[in-house]
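Peer 1: One structure coming up, written as structure tokens, with questions to follow.
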Amino acid sequence: MSDNDSRRTLKITRDIAPDGIAAATTLQGIDISRSMIAKRCRPGGPWQRLLPGVVMLGNGPPSRRQQLRAAIAYGGPNSVITGADALRAHGVALPAGHAVQLLLPASRRIMPKDFVVVERSTRLPSPIVLDGIPFAPPARAAIDLARSMTDPVALRRVLALTALNGLCTQDELSQELEAGNQRGSAGVRPALRTFEATAAAAMHAEAHRVLAHAPLPPPRWNVTIYDRMGRAIGYADAWWDEVGLAWQLDQLGPDRPRATHAHHALIAAGALVVRTPAEVVRRAADHGRERVPIIRELASAFQAATRRPRPNIEGRCLSIAQAA
């Protein structure tokens, strides 16, 4: 490499090659010749081509972030990352898939390549830019990912986790499905029809992980509470029948009756009720420090429940999710 080429490579800054990724045309714009790029990208060289026209300024395995940067450089202006990587960027605990799902303007024609799957769209979303990378909004990302999935269980989990993270509602997911590309939508429709049951099951799985660390007997799940006249008066995600203690997980949002009023009738009938936001439970399932205040509150409520007469109410494992 000549002295001039050495000096030119020193001009490469983070702005030109964020995360060590740059389009070849960008490098040529700072006077690094095509021949020098080709030379440095030879086997054993210091650089490598990740995608056509996209260079990584390093010769090791690319990180996932570098793959995302490379996909955007490959897609060009107005390209947007969607699917699992977008949901992960928004905070959903999903594994990164092999393929980066990339949305492109309908007028742009490039081929899927290596780790990039492309979809041309006449309705590109307004991206949410996180640390320099444009991502699709949560509802669009979830539907795009769901349409690409063949496992119905995994598909339902993606939709449920997106909502449980507070990123969108069932209505927003349904609207996105109807407005977008219909390819692959047949499997998504039944998942959305059973959305609330799926979301509850996913939330209960997270809550069960939290309770595994609590000094409490196992509860019953998905329980409707009846008064002594046999009238449904409320719902418990987890119910300790021996003491009349209910744990409610507010996963349906502040505008839903269950989230705002579902505990009133239970308390009036003598039940003790602990209410925890769903997003708090979700975080606690993966982080021990976050579990401590939840477990402490439940254990304290259980002890308090044992010190008073059990109320004359009955819990049945029937799913009446919005009994008030």
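Peer 1: Evaluate the following for Asp19: is it in contact with a Ser or Thr (Cβ under 9 Å, 6 or more places away or on another chain), of a type outside the set (A, V, I, L, M), crowded, with 19+ Cβ neighbours inside 10 Å and without any contact (Cβ under 8 Å) to a residue 60 or more places away in the chain?
Peer 2: Details: in contact with a Ser or Thr (Cβ under 9 Å, 6 or more places away or on another chain): yes; of a type outside the set (A, V, I, L, M): yes; crowded, with 19+ Cβ neighbours inside 10 Å: yes; without any contact (Cβ under 8 Å) to a residue 60 or more places away in the chain: yes.
The answer is yes for Asp19.
Peer 1: What's the number of the only condition in (1) touching a helix residue (DSSP H, G or I) at 6+ places or on another chain (Cβ under 9 Å); (2) closer than 22 Å to Arg49 by Cα; (3) of a type in the set (A, V, I, L, M); (4) not in a loop (DSSP other than H, G, I, E, B) that Ala84 fails to meet?
Peer 2: It is condition (2) that Ala84 fails.
Peer 1: Taking region 212-231 on its own, how many of its residues are in contact (Cβ under 8 Å) with a residue 40 or more places away in the chain, touching a helix residue (DSSP H, G or I) at 6+ places or on another chain (Cβ under 9 Å) and not aromatic (Phe, Trp, Tyr)?
Peer 2: Within region 212-231, residues that are in contact (Cβ under 8 Å) with a residue 40 or more places away in the chain, touching a helix residue (DSSP H, G or I) at 6+ places or on another chain (Cβ under 9 Å) and not aromatic (Phe, Trp, Tyr) number 7.
Peer 1: Does Arg193 fit the bill of being basic (Lys, Arg) and in contact (Cβ under 8 Å) with a residue 40 or more places away in the chain?
Peer 2: On the way: basic (Lys, Arg): yes; in contact (Cβ under 8 Å) with a residue 40 or more places away in the chain: no.
Criteria not met by Arg193.
Peer 1: Considering only region 262-315, how many residues are closer than 20 Å to Arg228 by Cα and among the hydrophobic types (A, V, I, L, M, F, W, C)?
Peer 2: Count: 11.
Peer 1: Given Ala201, Ala207, Ala191, which one is in a helix (DSSP H, G or I), under 19 Å from Arg282 (Cα atoms) and modelled with pLDDT under 85? Please lay out each step first, then the result.
Peer 2: On the way: Ala207 fails: modelled with pLDDT under 85; Ala191 fails: under 19 Å from Arg282 (Cα atoms).
After ruling out the rest, the residue left standing is Ala201.
Peer 1: Is it the case that Ala93 is closer than 30 Å to Glu206 by Cβ, within 25 Å of the chain's Cα centre (by Cα) and free of Cβ contacts under 8 Å to residues at least 24 places away in the same chain?
Peer 2: Details: closer than 30 Å to Glu206 by Cβ: yes; within 25 Å of the chain's Cα centre (by Cα): yes; free of Cβ contacts under 8 Å to residues at least 24 places away in the same chain: no.
Considered against the rule, which asks whether it is closer than 30 Å to Glu206 by Cβ, within 25 Å of the chain's Cα centre (by Cα) and free of Cβ contacts under 8 Å to residues at least 24 places away in the same chain, Ala93 comes out as no.
Peer 1: I'd like the residue in region 24-61 that is in contact (Cβ under 8 Å) with a residue 24 or more places away in the chain and part of a loop (DSSP other than H, G, I, E, B) and, out of all such residues, is surrounded by the fewest Cβ atoms within 10 Å (Cβ to Cβ).
Peer 2: Pro52
Here's the yes/no breakdown for (1) in the same structural domain as Val281 (by TED's automatic domain parsing); (2) assigned to a strand (DSSP E or B); (3) surrounded by fewer than 22 Cβ atoms within 10 Å (Cβ to Cβ); (4) of a type outside the set (Asp, Glu):
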| position | (1), (2), (3), (4) |
| --- | --- |
| Leu104 | no, yes, yes, yes |
| Arg108 | no, no, yes, yes |
| Arg120 | no, yes, yes, yes |
| Pro125 | no, no, yes, yes |
| Ala141 | no, no, no, yes |
| Ala160 | no, no, no, yes |
| Ala163 | no, no, no, yes |
| Glu172 | no, no, yes, no |
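Peer 1: Would you call Thr162 modelled with pLDDT of 85 or more and in contact with a Cys (Cβ under 9 Å, 6 or more places away or on another chain)? Steps first, please.
Peer 2: Numbers: modelled with pLDDT of 85 or more: yes; in contact with a Cys (Cβ under 9 Å, 6 or more places away or on another chain): yes.
For Thr162, the condition - modelled with pLDDT of 85 or more and in contact with a Cys (Cβ under 9 Å, 6 or more places away or on another chain) - is met.
Peer 1: Let me ask you something else. Given the condition in contact (Cβ under 8 Å) with a residue 40 or more places away in the chain, within 20 Å of the chain's Cα centre (by Cα) and surrounded by fewer than 16 Cβ atoms within 10 Å (Cβ to Cβ), answer yes or no: does some residue in region 78-88 qualify? Even if it seems obvious, please write down each step before you answer.
Peer 2: Filtering region 78-88 down to residues in contact (Cβ under 8 Å) with a residue 40 or more places away in the chain leaves 78-87.
Still in the running and within 20 Å of the chain's Cα centre (by Cα): 80-87.
Still in the running and surrounded by fewer than 16 Cβ atoms within 10 Å (Cβ to Cβ): none.
Checked region 78-88: no residue is in contact (Cβ under 8 Å) with a residue 40 or more places away in the chain, within 20 Å of the chain's Cα centre (by Cα) and surrounded by fewer than 16 Cβ atoms within 10 Å (Cβ to Cβ).
The values are calculated or read from the model by the stated rules, or taken from the named source; none is laboratory data. All figures in this text were calculated on a predicted structure; none of them were measured in a lab. Methodologically, a virtual Cβ is constructed for each residue, glycine included, from the backbone with ideal geometry; neighbour enumeration extends over all protein chains shown.
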